[in-house]
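The values are calculated or read from the model by the stated rules, or taken from the named source; none is laboratory data. All values derive from a computational prediction rather than experimental measurement. As a convention, Cβ positions derive from the backbone with ideal geometry for all residues, glycine included, and neighbour counts pool all protein chains shown. Only protein heavy atoms, including side chains, enter the accessible area calculation; ligands, DNA and RNA are left aside. Shrake-Rupley method; radii C 1.70, N 1.55, O 1.52, S 1.80 Å.
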Amino acid sequence: MDRTLTFLGIESSCDDTAAAVVRARVGAAPEILSSEVLGQTSLHEAFGGVVPEIAARAHAERLDSVVETAWSVSGVALDEIDGIAVTAGPGLIGGVLSGVMLARGLAAARGLPLVPVNHLAGHALTPRLTDGIDFPYLMLLVSGGHCQFLLVEGVDRFRRLGGTIDDAPGEAFDKTAKLLALPQPGGPSVEAEAALGDPKRFPFPRPLLDREGCDMSFSGLKTALLRARDALIAEKGGITVQDRRDLCAGFQAAVAEVLAVKTSRALAMAADARLTALAVAGGVAANKAVRAGLETVSARAGVPFLAPPLRLCTDNAAMIAWAGIERLRAGIPPSTDFIARPRWPLDETAPALLGSGKKGAKA
Ligand code: KG4
Ligand code: ZN
């Protein structure tokens, strides 16, 4: 479809209520006219993880106003909107349903096409929104709820090369912070402590490095950290500030090394594909040690490294609006005949990943 398309995107699959307006002109870079994200961290803080019922209620209460704000900030008139894209899964089903119901209502009221979008496709297509790169590219999605390598071959063609078989790395950072009494979200607080610590003092395991392929495991790391912490407590009655820094540094070094080694394997698995880039998405991509490891292995493989701005790496609705535009442009028909899905693997042919993270079922 070769005309300007302006889309409203709606995202509510986890703990961020988000709406955005994106405009794509032919032959020009797409514009994000607005992107509103209302997080729920404070609502779930006391529970040590996202509580699905609380998340669903918060989405239901806030979606209307977040959409209204995105609309008014964009400065786009109602009749300039060409379509609505909504996350239809995977995620916490209560939240997904809230977004889908609102999107259905708006689309029906305005007679607009409705495009159901897989949340992971939203992340995976983001490098084309931010940098206009061509297919194929390798995407490492590394957040609090997800960790997988996707070979992105087309708007609707994804091959999962591997992923975590248990926790996502962000979840492991959050649990580590909890074990060491650091504030949530754990990633930034563990990173800050690690900067002052010795990464060699606690040689934590590098799970699955000896196994072929690029599947990963992070849950054992948290157990190793717990043991090291408890050994210190048994020995001295507590842990010092420096102990904590060293534990964080050791943990972060293990995560960064596993991600770097597995990324180099994924790059090798995709070596025949003439990759245009290695791209990352997800909150953990903000971590400097993780990023440095990824940069090193992509440089070694001769593949450009691409990290979209963090606000577009983490959950947002601009990526959903963009995925809707991409699908329509690729000739994939819009549809009102779809269901909200808690599980929805992008690559239906890949073997299912195990486990269910704190942010819901893994895709
Ligand atoms: O992508 P994201 O905002 O949300 C979802 O998981 O959907 O990622 C959040 C995760 C949290 O687990 C957080 O601890 C982690 O990303 N994170 C980090 C850093 N900043 C955020 N992990 C490591 N280092 C960081 N600097
Ligand atoms: Zn996400």
Please work out how much length the chain gains when fully extended from R201 to S219, using 0.36 nm per residue of separation minus the C-alpha to C-alpha distance, in nm with one decimal. 4.4 nm
How long is the gain from A271 to R211 if the chain were fully straight, where each residue apart is worth 0.36 nm and the alpha carbon distance is subtracted? 19.7 nm
Given segment 62-190, what percent of its DSSP beta bridges are antiparallel, to the nearest 5? 70 percent
From DSSP H assignment alone, runs of 4+ in the chain each adding -39500 (n - 2.57), the sum over residues rounded to the nearest 500 puts [θ] at 222 nm at -13500 deg cm²/dmol
Rounded to the nearest 10 Å², the accessible area of M139 using a 1.4 Å probe with every protein chain kept is 0 Å²
Arranged from highest to lowest average of other beta-carbon atoms within 10 Å per residue, in what order do the peptides 227-235, 281-289, 17-25, 107-115 appear? 17-25, 281-289, 107-115, 227-235
Choose one of G132, V155, V142: the residue whose Cα lies farthest towards the positive end of the charge dipole of segment 125-234 (beta-carbon charges +1 Lys, Arg; -1 Asp, Glu; about the Cα centre). V142
Full extension between A299 and I339 adds, at 0.36 nm per residue less the Cα distance, a length in nm of 10.2 nm
Normalised contact order of segment 138-307, rounded percent, pairs of Cα under 8 Å and 6 or more residues apart: 27 percent
Accessible surface, 1.4 Å probe, highest first, among residues D79, D246: D79, D246
Protein chains only, probe 1.4 Å: how do R329, R343 rank by accessible area, largest first? R343, R329
I need the calculated FRET efficiency for the pair V73 and T4, taking r as the beta carbon distance and R₀ as 22 Å, to the nearest 0.05. 0.70
V190, V73, V155, reordered so the largest accessible area comes first (probe 1.4 Å): V73, V155, V190
Give me the angle, in degrees from 0 to 90, between the Cα long axis of helix 119-130 and the longest principal axis of the Cα atoms of the chain, rounded to the nearest 10. 80 degrees
In the chain, with Lys and Arg counted as +1 and Asp and Glu as -1 at Cβ, which of these residues, G9, V255, P207, has the Cα nearest the positive end of the dipole, that is, farthest along it? P207
J(HN,Hα) series, segment 209-224, from Karplus relation 6.51 cos²θ - 1.76 cosθ + 1.60, nearest Hz, glycine and proline x: 5, 7, 9, 5, x, 10, 6, 9, 9, 10, 6, x, 4, 5, 5, 4
Going by alpha carbons, how many degrees (0 to 90, nearest 10) lie between the helix axis of 288-301 and the longest principal axis of the chain? 80 degrees
